[in-house]
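As structure tokens, the structure follows; a few thoughts come after it.
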Amino acid sequence: LAPSGMSAGGSKFELDDRSYLREKVIEVYEKLWLRGAPLDASGWAELFFLKPNAAWLQSYLGSLTAARLRASTPTVRALWAECAARLGHEHEPSVRGHALETMSGILLGLGGVPLHSFASDAPELLTGLDEAEGCFDELAPMLRELLAPPSSAAAASPSAALTAIALRRSALRLLMAFALASDGLSANILLEFLLLRLASSWSPPAPGGGLKKKNGKQAGGATFAFAASLELGEAAELEDAARLLALLSQYRRHEAKNECLALLCTPAAARLLAPAITRAFRRAMFPAETAHGGGAAEEEEAGGEGG
């Protein structure tokens, strides 16, 4: 459902039949989307200091007709460009994280609109067709940096390591949003743009050489996103990696060898992903149990199985 109850002076808004206290960021969204008012440089800076409300963005964009979404193209492009401009390491980690989350909200909202031709309409909305490849050429290196394991200096600092993990998880979720932006995964032009560029320069090894192809070459962009996660083994991040692996294992699986599908069958990936998959399965099958302390038992059992 579309966000409602959005009078400028109101103190609440509604989303999916639930009422929420109005956040400052909602007022900025309303200015952008409902009143079509552009933001100046200070307005954009303020927006990215605020915690995003990706659910609002997803719900609002997903509620639009294709015609209304096309009419909002200037706003979509402006917001997307401002997000992309804030992914570099020169920005504060919180700003980078807010930009990643905002981009995810835009993509998931886009996935709710039945576009006439996703292959042309989606790039046109986000960047413009003529600029799309150049924009993705700039986006991919920043995502590679975010997804890569932290430097030894960052790993030695607990706070820096936690920041790197949080940003990497946001980047993983952005890749999931790219994959979910279209009903047809194998015809998702945005995902194709991104995976080709992620594969262009570097691909990290997984434990036990799980990412090696039979010909000895490193696997490419289809495995990049979760390879760094497998190396670090953070529980929540591994769950995101498992979801992404399941999604991308279906990407053009009948046209060529699918690296994700191959990785899914390796002993290293199976060993590392098994606890995350088990936790997700139990939450789905036994929600009441896991909500009342079942998580501790799961961790203990997963640890025992791993030993």
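The values are calculated or read from the model by the stated rules, or taken from the named source; none is laboratory data. From a predicted model like this one, the values you see are computed outputs, not experimental measurements. Please note: Cβ atoms are built from the backbone with ideal geometry, for glycine as well, and neighbour counts cover all protein chains shown. For the accessible areas, the whole protein counts, side chains as well, though only heavy atoms, and no ligand, DNA or RNA atoms are used. Shrake-Rupley method; radii C 1.70, N 1.55, O 1.52, S 1.80 Å.
For this structure, a couple of remarks:
- Taking a ≥ b ≥ c as the square roots of the eigenvalues of the Cα gyration tensor, an a/c ratio of 1.5 or more together with a/b no larger than b/c marks the stretch 105-146 as oblate.
- Extending 7 Å from Cα along the Cβ direction at residue 46 and again at residue 24 yields two label points whose distance is 0.8 nm.
- J(HN,Hα) series, the stretch 90-96, from Karplus relation 6.51 cos²θ - 1.76 cosθ + 1.60, nearest Hz, glycine and proline x: 6, 9, 4, x, 5, 5, 4
- When the trypsin sites (Lys or Arg not before Pro) in the stretch 18-73 are filtered for DSSP coil states and for at most 12 other beta-carbon atoms within 10 Å of their beta-carbon, the remaining sites are 35.
- Pairs of C-alpha atoms in the stretch 72-163 farther apart than 15 Å represent 66 percent of all such pairs.
- Linear extension gain, residue 94 paired with residue 37, 0.36 nm per residue minus alpha-carbon span: 18.0 nm
- In the context of the full protein assembly, residue 182 retains an accessible surface of approximately 20 Å², using a probe radius of 1.4 Å and ignoring ligands and nucleic acids.
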